[in-house]
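Notes follow once the structure below has been shown.
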Amino acid sequence: MTHPLSLPLSDGTLAPFSPTATPLVLRAPARPFTRTAFAAAHVVSDPLAETVPWTTPPAVDWDATLAVRHALWDQGLGLAEAMDTAQRGMGVDWPTAAELIRRTMAEAKAHPLRPRVACGAGTDKYRPADLSTEDAIVAAYAEQMEVIEAAGGQVILMASRTLPAIGADAEAYHRVYGRLIGQAAAPIILHWLGDAFDPKLTGYWGSADVATATETVLDLIETHAAKVDGIKISLLDQAHEEAFRARLPEGVKLYTGDDFNYAPLIAGDGEHHSHALLGIFAAIAPAAAQALEALAKDDLDTYTRLLDPTVPLSREIFRAPTQYYKAGIAFMAWLNGRQSHFLMPGGFQSSRGIVHYASVFRLADAARLLRDPDLATARMRHLLALNGID
């Protein structure tokens, strides 16, 4: 019999733990979902090639990175590619992201389920000092949009740190986004990432006051509704999202990016509901996909039974400082055998500590998300040993 792990607790003590839950079985959906669901996936490093992780472009294990995406597609989920979960601006540069987009789109086109893929366009190819005018910002976005559209992906206009950096007001956002939406070949997805995810995005849409910013972006959407597929909102505020989506023009979707409150937001209030563009869906894919299948059958009990246990796990992975959540996504992939190691671009795995990873391990078991408990336990034991815990 395998000895229990000694997992650290937040009070500095150790407690024995062994996984006990029966894992969910990964499978394709039995019917189409009634919600559009994008899982935002991470990038897997090549540890044999990445020699100076803090100062050189990331070395990517392309086979493992694409295998992560296939696993999501096989379960009926769409993919949000080259987003903040893929460490855009936090270890992954634009040339790497562009190659990721091209490779992913080629794989998606060949996949039997023909998964939907949306890709992030931003301004991160250039230094903020080089983007001091609206024309320069539009050109930087347009360059990345062209790469995405040429590969066959849908464009997500990612929030850009450059706009708050130049003190853009509401009118500037209207001008910049109006030009970009007009240039897009197909309806785009807007992106409102709160400062919990990236403090450099404070004041997005021209105001640090959320109510004022809300009016600006709703006016923008109303003006360009025919070319806006939807907006992803990641403010971790359920009441705000519910009020916001009720005001959207007909046909424009609200893609929740709320990794704390996604379960009730996706279920809806009987009149309105959110779709999903979530980093946590990459970590909880079996539960998410099977819950969405249940929702498509109007089986809310099964939806709740599957998804509710994942919420404590998500809240731990996305706890403050929230921008370090990517480490938890990659950690879950490693525990579940999706990659052979736990190294991230830029050494990002060091952004969380062993107490956090121990909590993620416990909560993943409770949510039935340790695909092979013996493998997960063996890997957790190795990580504990590296942190001096026998």
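The values are calculated or read from the model by the stated rules, or taken from the named source; none is laboratory data. Computed from a predicted model, the values in this text were never measured in an experiment. Every residue, glycine as well, gets a Cβ built from its backbone with ideal geometry; the counts of neighbours run over all protein chains shown. We work out accessible area using only protein heavy atoms, side chains counted, and drop any ligands, DNA or RNA first. Shrake-Rupley method; radii C 1.70, N 1.55, O 1.52, S 1.80 Å.
Assorted remarks:
- Selection over segment 297-314 of residues that are outside any loop (DSSP other than H, G, I, E, B) and either open to solvent by less than 10 Å² (accessible area, probe 1.4 Å) or out of contact with any helix residue (DSSP H, G or I) (no Cβ under 9 Å at 6 or more places or on another chain) (or both) gives a count of 5.
- Within segment 9-29, residues that are within 13 Å of L306 (Cβ to Cβ) and of a type in the set (G, A, S) sit with their Cβ atoms under 9 Å from residues that are open to solvent by 60 Å² or more (accessible area, probe 1.4 Å) and assigned to a loop (DSSP other than H, G, I, E, B), at 6+ positions apart or across chains, in these pairs: A21/R368.
- Residue check for R319: in a loop (DSSP other than H, G, I, E, B), open to solvent by 10 Å² or more (accessible area, probe 1.4 Å), in contact (Cβ under 8 Å) with a residue 60 or more places away in the chain and not hydroxyl-bearing (S, T, Y): no
- Matching residues, segment 233-268, being surrounded by fewer than 17 Cβ atoms within 10 Å (Cβ to Cβ) and farther than 23 Å from I284 by Cα: A239, H240, A243, A246, R247, P249, E250, G251
- Looking only at segment 161-209, and only at residues there that are open to solvent by 60 Å² or more (accessible area, probe 1.4 Å) and among the acidic types (D, E), the one that is nearest to D258 (Cα to Cα): D195
- Looking only at residues in segment 125-137 that are at pLDDT below 95 and either touching a strand residue (DSSP E or B) at 6+ places or on another chain (Cβ under 7 Å) or in a helix (DSSP H, G or I) (or both), the one that is surrounded by the most Cβ atoms within 10 Å (Cβ to Cβ) is P128.
- Condition check for A118: on the phi < 0 side of the Ramachandran plot, in a strand (DSSP E or B) and touching a residue at least 24 places away in the same chain (Cβ under 8 Å): yes
- If the condition is being on the phi < 0 side of the Ramachandran plot, open to solvent by 10 Å² or more (accessible area, probe 1.4 Å), touching a helix residue (DSSP H, G or I) at 6+ places or on another chain (Cβ under 8 Å) and of a type outside the set (G, A, S), then segment 106-115 contributes E107, L113, P115.
- Condition check for A140: at negative phi, in contact with a Ser or Thr (Cβ under 7 Å, 6 or more places away or on another chain) and surrounded by fewer than 24 Cβ atoms within 10 Å (Cβ to Cβ): yes
- If you filter segment 210-232 down to residues that are in contact (Cβ under 8 Å) with a residue 12 or more places away in the chain and of a type in the set (D, E), you find that the one that is most open to solvent (accessible area, probe 1.4 Å) is E222.
- Flag: T36 does not match the condition of being under 21 Å from A150 (Cα atoms) and polar (S, T, N, Q).
- Extreme residue, least open to solvent (accessible area, probe 1.4 Å), among residues of segment 30-52 that are without any contact (Cβ under 8 Å) to a residue 24 or more places away in the chain and β-branched (V, I, T): V52
- Note on segment 123-156: residues that are out of contact with any helix residue (DSSP H, G or I) (no Cβ under 6 Å at 6 or more places or on another chain) and free of Cβ contacts under 8 Å to residues at least 40 places away in the same chain total 14.
- Pairs where the first residue, in segment 171-191, is under 12 Å from A142 (Cβ atoms) and the second is assigned to a helix (DSSP H, G or I) and of a type in the set (F, W, Y), C-beta under 8 Å, 6+ apart: V176/Y141; L180/Y141
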